[in-house]
Structure formats: C-alpha cells, structure tokens
1. Amide H of residue 344: which non-local residues (sequence gap of 5 or more, or other chain) have their own amide H closer than 5 Å, using H built in the peptide plane?
2. Taking N as the number of residues in region 311-421, what is its alpha-carbon radius of gyration divided by 2.2 N^0.38 Å?
3. Excluding ligands, DNA and RNA, what is the solvent-accessible area per residue of the chain at a probe of 1.4 Å, expressed in Å²?
4. Normalised radius of gyration for region 228-420, please: alpha carbon Rg relative to 2.2 N^0.38 Å, two decimal places.
5. If one computes the Cα centroid of region 275-324 and of region 199-219, what distance in Å separates the two points?
6. Please compute the contact order of region 228-420 in relative form: average sequence separation of alpha-carbon pairs under 8 Å and at least six residues apart, divided by the residue count, as a percent.
7. Please find the FRET efficiency linking residue 252 to residue 371, where r is the Cβ-Cβ separation and R0 is fixed at 51 Å, and quote it to the nearest 0.05.
8. Considering the Cα trace of region 150-268, what is its radius of gyration and what is Dmax, both in angstroms?
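The values are calculated or read from the model by the stated rules, or taken from the named source; none is laboratory data. Remember, it's a predicted structure, so these values are computed and weren't measured experimentally. Here the Cβ positions follow ideal geometry from the backbone for every residue, glycine too, while neighbour counts run over all protein chains shown. Ligands, DNA and RNA are stripped out before the accessible areas are found, and what is left, the full protein with its side chains, is counted by its heavy atoms. Shrake-Rupley method; radii C 1.70, N 1.55, O 1.52, S 1.80 Å.
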Amino acid sequence: MTNSKSRYQDLVSYYQSGKYELLRKKALEFINNFPDHYNGLIILGISYRQLKENHKAIEIYRDLINRFPNNSAAYTNLANIFLDMGELDESIEYYRKSIKIKDNDCNPFDGLGLAYTGKGNLEKACEYYKKAVEINPSFERAHLNLGDNYRKRGMYKDAIKHYELTNYKLSKSQKLECHYHLNEIDGFYEELNKLAKQDKLNSLAACLSTHASQRFGVDNIYPFCKNPIDFVYHESLLNEDDFDEDFITNFLEYISINKPDFMSQNLLNKGLQSAGNLFLRDDIVIRKLKKIVNKKVDDYKEKYSASIEGVIKRWPMSYDLYGWVIEIEKEGNLDPHIHKEGWISGSIYMNLPENEGTDEGKLKVGLHGANYPDDGKIYQNKIIPIRTGDVVIFPSSLFHETIPFKINEKRVSFAFDLMPK
Ligand SMILES: [Fe+2]
C-alpha cells in the first residue's frame, strides 16, 4: 500500500510540473499494477486530456462513474472535458451530478460558472464563481473568472479586487484594462511598466499599450508589436496542395452535419460562434485543417523573421491551436475585438458573400475597439479585401471586425488562435 501511495505521489508531481507525456507513461504503468486505484485512473484521464486524447479520458471517466458512482471526481473531470469541447449542456449535467455527491468542492462550481458564461448567463455564472471562492478563498482561477465576470458587466472596481487576489493567466493584464476603462491612468502605467518587464508577454497588455500610446501621443513601452497593422498576412489558400474548393465544400458539410454547440457571443450581431476548440475533434476534415493552419503559422513566422518585435523574436516555445467557426447572416457583423489569449490569430474564409466593388463582408483591422476611451482621436485602420478561400493572420493584439453585407448568404469563417502554453 505504501508503494502505491508513494508512486501515486510521484504522479502528482509529474502533473504539477506539467510533464504530461511522462505523466501518461507513468500513470499507465501505475494502473497496470493497481488497476482499481481511483485517483490513479483520474490522473491518467487528466494526462489524456492534457495531451488532447479526449476520447480515452472520457472512456476512463465513464468507466469510473459506472464502477464508483458515489465518488464525485470522475463526474467533475468528465464535465471539464465536455466544457473543453464546447458541449455545455453535458458539462453542466456532470458538474451538477458531482456537486450532488460532494457539495464542498470548489472545482465543479467554478466549472459551472464557465459553462454558464458560455451560455451567456453572466449573473448565474457569477453566483457559481462566488460559491467557488467561498469554499476556497485562495482559489486563484476562480478569482480570475470572477474578475472577468465583473469586467464583462462593466463593474471594473469589483473586477480589480478579484484580479488582485490572483496571478493566474491574464489576471494582471485584465486589471490593466479595468484601470484603462476607469481612466485611472497612474494605476494603468504602474501596472503596464511591471508587465512590460515580465518574461511572458501577452496580446491584451500589448493592445492596451498601443492604444494608450496613440491616445496620449507617448512611447509604446510594451515589447510585443508596436503597430500590428504592419503585420497582417493575407493570401489565397487555393494554391495550396491540401486546400481547394472541394475541401471547402467538405468543411461546410462537416459543420452542418456535425453541428457544434454554438455559444453566446455578445460582439456578434446576427451570427453564431461554435463553443470549445474544434481542433480537439479527431475527424479527417479537422485534421486536414490543422495541417493547413500549422503550415500557415510557420509561413507567417518566416515572412516576418527579420522583425525585432516581440511577437516574432519571443515566439512561444510551445503552443496550442484553438479553432472555432463563425457564421454571420445577412446584415450581421462582428464588432471590433482582439483575442486576448492568443499570440497570433487568423481566419480562413470558407464562404464570403461577395458584392463586387464594395467592402461588404470584408475584414477591417485597426487600433481601436472594445469601447476603450478614445478622447475623440482617430485611430489607424485598414480594410483587408478578403475573398472565399483566403487566409488572414495577424498579431492577436490587433482589433478586427467584419463589415456588414446585404447579400442573402451566410458568411462562414474558421477562426484560430495560436495560444502559448
Ligand atoms: Fe476575432
């Protein structure tokens, strides 16, 4: 028993150090010796989830639920995977089952908050996050989520209080954004100076730094990308080996048959966005798309390889690709936004309603958006003349939006982010 205990502790340390391939190997050996070890199986499932082998993780958790129906951990872990995959209703169902068994675990409450955020119910999400930090006041991820929740509702002072209680992910850059919205310029520059010196850069701080430099006519001190408009890559994919009109047809069919859950997105007017990461699907169309995106990401890096900007020079050592679909109806549009968690972002245009000689349906990029205070200044922008079959890639700190169109057709694009690990 001591043996299983100490070897299980080893698995926990592999998990904590983020060495997931080693974790999978060691967890498989462990389960060979202790096939009924509940937490050993949970951690094996976690390694599969981290390595994007979701179907294997789902199998383990379903089996655990059958064999040990009164233990909550498998329910929470299964719900986490459904959440990753954008299957929000399933994730809610399993988080609830977990809480029914054990009502003092902060994780399923935090998960419910994320699932309800996906469904656009921010008030309900807030209640669940509050419950999570009530159970565990030092739960950093839930403080970040609570901060994000208040920020999305314009309650910037409440958001700052929670961002101060965590260093998790973008918490401090989100705090920077709240100072900016509140016009607390001293607090803004104090935070920006700290962030500019950190090893890890992010596109949110970069975007705010560029915006403030334009607004106040001062130096842009954040070393990511001074003017992301100069780093927009645009070309047709129709000359690529793996991409042609048949591929587009297959993709559109795949999306209409395997309908992903579409989630609420308050920037999208008359449009829908798929929930979760489509790259997690192990289907041939998605695998081909991933190959194309990876190649274009390499081409992007190569094209700007002479640049001294952080976006190129400090390219992340390892990253995940995150992909989703956006469908916009006639007269709909996507308001200007950035991808805060991305490093570079892109879109592939699968169907673009084209009205020759107009900018309808095109992509507009620029340095202003998100209702940032603008002091009446005009910020630089540019229209990218995209067509069906094109790809556009740019630093994630660049604002982008779509121009409404009058043709009675759906505008379908596949968007992606390269997200540093
Ligand atoms: Fe976008």
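1. Amide H neighbours of residue 344: 396, 418.
2. Working: Rg = 14.7 Å, N = 111, 2.2 N^0.38 = 13.2 Å.
Ratio of Rg to 2.2 N^0.38 Å for region 311-421: 1.12.
3. Numbers: 19680 Å² over 421 residues.
Per-residue accessible area for the chain comes out at 47 Å².
4. On the way: Rg = 16.1 Å, N = 193, 2.2 N^0.38 = 16.3 Å.
In units of the 2.2 N^0.38 Å rule of thumb, it is 0.99.
5. About 24 Å separates the Cα centre of region 275-324 from the one of region 199-219.
6. On the way: 379 pairs, mean separation 63.7, N = 193.
That works out to 33 percent.
7. Numbers: r = 34 Å, r/R0 = 0.66.
After rounding to 0.05, the efficiency reads 0.90.
8. For region 150-268, the Cα-based Rg and Dmax read 19.8, 55 Å.
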